[in-house]
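Report on the structure given below.
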Amino acid sequence: MSALLTRDPPAPTEIDQLTEPPPRIAIEELSPDVDAGRFPAKRCVGDTLEIAATIFRDGHDMIRAVVLLAPPGSDQWTEVEMRKRPPDQGADRWSAPVEIDRLGRWRWTIEAWTDAFATWRHELERKVAAGQTDLDSELSEGLVILRETLARVDGDNPVLANAIGLLSDPTAPPEQRRAVALASDLATTATGHPDRHRATRLDRILELDVERRRAAVGAWYELFPRSWGGLDGVRDELPRLAALGFDVVYLPPIHPIGLTNRKGRNDAISAGPDDPGSPWAIGSADGGHTAVHPDLGTIDDFDALAATAADHRIELALDFAIQCSADHPWLTDHPDWFYKRPDGTLKYAENPPKRYQDIYNVDFDCADWRSLWKALRDIVLFWVGHRVRIFRVDNPHTKPVAFWRWLIGEVRTVDPEVIFLAEAFTRPPMMRELAKIGFSQSYTYFTWKNSRAELTEYVAELAAPPMRDYFRPNFFVNTPDILHEYLQTGGKPAFAARLTLAATLSPTYGIYSGFESFEHTPRQPGSEEYLNSEKYEIKQRRLDGQLLPFISMINSLRRDHVALQRLDNVRFLETQNDQLIAYLKQTPEETLIIVVVLDPHNAQEGLTVVPHDCGLPPAFTAIDLLSGESFDWRLGPNYVRLDPSRRVAHILEVVRP
């Protein structure tokens with residue numbers, strides 16, 4: 001019977017209640033471990049999960065350890081042997097690789113025990129090597145261990161029987177008895193039948209949330225269907241978007257838009273007769289969250305769009321915004337789902353200084369909150385039924401965390417392939433919490449990180465434990481709400497540089513349409529809002545931006561190079577110039593060196609320092625994947641000059657000997 005490893009030793013008054021002595025093995029410093037097991041770590045199907053722990057005991061006895069693993073929906077535990085890592089990777093550090101082959105929640109824990117046979121054999125081996133010959137006592141100890149081992153074996157075992165026979169025969173030559181005791185086949189046999197009745201098992205079971213690959217890797221393109229000729233117009237563009245290398249096409253709300261308090265151009269409080277309103281003011285006489293705006297098409301048109309997307313291996317991401325215009329059917333059918341002031345009026349949504357007079361928020365604390373939660377879940381499931389597997393959730397940080405944990409669990413019980421992206425530009429603790437409770441991806445602060453110091457600090461945080469185990473960033477370079485000053489003033493090079501950084505640093509990134517055409521005019525100085533924002537008017541969009549060939553090349557490189565599909569493999573390099581940023585991205589198969597100029601106006605030069613401990617030869621050839629040029633590089637400093645008017649980056653692949 002395994003003894004549970006508890007965090008504290010028993011108090012003196014408690015030992016009378018123990019049937020066995022307390023465990024002598026410690027299991028600590030687990031990895032991956034999110035908040036001491038309160039939340040699952042995240043991985044994707046096809047990943048190899050490295051489970052590690054610090055495992056040790058008093059004295060010099062040898063120990064063994066296994067990972068106990070239960071796949072989703074199973075109560076059957078399988079075991080994976082753990083191995084002790086080299087000392088330079090941490091004292092008493094053990095690990096085991098686990099192949100992840102299915103979606104859902106996995107469970108795991110660790111069990112360790114004292115290996116009596118290995119301890120005895122190791123001691124005997126050392127004494128023999130030291131020339132000691134009087135080993136009868138030691139061999140008698142081994143005889144007891146082998147007899148106990150044989151008792152655990154079903155049926156006969158010739159290897160054990162032979163060893164027991166020789167060790168128990170006082171007439172057998174000493175060298176023959178020592179030889180059989182140290183024989184490799186005996187060690188293999190004994191290892192397969194260990195004594196684990198006093199094993200130490202971790203006092204908790206940890207979970208692993210496994211999603212499909214798109215939850216971790218993808219290139220997103222955001223567009224407003226009404227600016228592309230409706231759903232049919234978007235459908236016509238899908239082949240080109242697929243050819244450009246985009247994996248996900250994200251659609252802001254496609255539902256009917258309210259008339260009451262409709263916003264006009266540039267967020268004007270009063271709308272003109274031809275103003276279409278904001279898509280986030282959801283609901284009218286034509287329906288609510290499960291309806292399609294008549295100007296965009298019908299639900300059949302959406303189904304046709306989804307089918308065409310699937311044919312081109314593109315996924316549709318749909319916006320899930322929990323808010324209603326004053327004309328939403330819920331205002332009539334479920335008025336109790338909305339907060340009323342003491343005078344009976346409804347309060348429209350606000351995020352000071354922003355004011356959203358055209359929408360109302362639901363009241364998650366209303367008396368009928370269970371029905372509200374279920375109705376919101378059913379909206380998501382409705383669209384899942386129409387082949388939507390990705391939802392970009394609008395402002396999830398303004399809704400209860402418990403609601404999201406419940407909803408994501410409910411939806412993924414129906415379809416474990418559904419992915420949720422959190423659009424939560426808010427405080428770090430809330431962003432982290434949303435990731436922990438189930439959101440597959442999150443928007444990030446990347447848009448506001450433009451200096452070398454800001455980028456290296458932020459990306460290093462995302463790429464290292466504990467965040468890398470649960471927080472998957474989506475580096476959108478711009479959004480309909482965010483036009484950073486760097487893009488407003490940096491010209492075309494700024495757009496190319498930010499694209500390169502987003503697409504090569506993060507496995508998942510996105511652009512909002514207009515980026516490829518260098519849209520950069522703010523509504524007013526100091527604002528991050530676009531002038532003539534598409535949120536409030538219809539544009540005439542086409543895929544004809546000057547940056548598209550570069551975007552296509554970058555997306556192609558991301559698909560061809562596995563090193564760009566990971567975040568935890570980034571290593572920043574010294575450049576001796578803060579206007580240049582450089583980093584390694586390595587896998588066992590390839591090494592990429594990326595250098596990007598951060599100054600969009602002036603040529604910059606510096607020395608990119610390749611560290612000596614990165615596994616590269618002293619001198620090597622590097623091919624620029626953007627230009628095809630070949631460069632001779634070496635460990636240590638390498639001269640780099642980038643003129644943003646001509647090129648903003650090197651993406652170098654090291655040629656292996």
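The values are calculated or read from the model by the stated rules, or taken from the named source; none is laboratory data. Bear in mind the structure is a predicted one, so any value in this text is a computation, not a measurement. Neighbour counts run over all protein chains shown; Cβ positions are idealised from the backbone, glycine included. The area values use the complete protein model at the heavy-atom level, side chains included, leaving out ligands, DNA and RNA. Shrake-Rupley method; radii C 1.70, N 1.55, O 1.52, S 1.80 Å.
Residues of the chain: accessible area per residue at 1.4 Å, in Å²?
Working: 29350 Å² over 657 residues.
On a per-residue basis, the chain sits at 45 Å².
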Contour excess over end-to-end distance, with Cα ends at D185 and L18 and 0.36 nm allotted per residue: 56.3 nm
Mean Cβ neighbour count within 10 Å, used as a protection proxy, ranking 133-144, 269-280 highest first: 269-280, 133-144
Shape category assigned to region 196-349 from the gyration tensor of Cα positions, a/c cut at 1.5: oblate
Cut-off 17 Å (backbone N to label point 7 Å along Cα→Cβ of S31), residues of region 88-123: 88-98, 110
Linear extension gain, I538 paired with S517, 0.36 nm per residue minus alpha-carbon span: 5.9 nm
Cross-link table K399/K535; K436/K492; K374/K436; K340/K539; K347/K374, entries beyond 27 Å C-alpha to C-alpha: K436/K492; K340/K539
Proximal charge balance of A502 [Cβ under 13 Å; K/R count +1, D/E count -1]: +3
Three-way shape label, region 57-157, alpha-carbon gyration tensor, a/c 1.5: oblate
Estimated distance in nm for a label pair at Q576 and L531, the labels positioned 7 Å out from Cα along Cα-to-Cβ: 4.3
Cα gyration tensor shape of region 365-507, rounded if a/c is under 1.5, else prolate or oblate by comparing a/b with b/c: prolate
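Would you mind counting up the charge near D247? Only other residues with Cβ under 11 Å from its Cβ, with Lys and Arg at +1 and Asp and Glu at -1.
Value of the local net charge: +4.
On full extension of the chain, what length is gained from T298 through R147, given 0.36 nm per residue of separation minus the C-alpha to C-alpha distance?
On the way: separation 151, 0.36 × 151 = 54.36 nm, distance 7.67 nm.
In short, 46.7 nm is gained.
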Paramagnetic reach from F631 in region 559-599 [backbone N under 11 Å; point 7 Å along Cα→Cβ]: 582-583, 593-597
DSSP beta bridges in the chain [antiparallel fraction, %, rounded to 5]: 70
Spacing of the two label points (7 Å from each Cα toward its C-beta) at R355 and H60, in nm: 8.0
Estimated 222 nm signal from helices in the chain, with DSSP H stretches of n ≥ 4 weighted -39500 (n - 2.57), rounded to 500: -8500 deg cm²/dmol
Carbon and sulfur %, accessible surface of the chain computed with the full protein complex present, 1.4 Å: 49
Computed label-point distance, nm, for sites A460 and D274 using a 7 Å Cα→Cβ extension: 5.5
Descending Cα extents along the principal axes, the chain, whole Å: 109, 67, 47
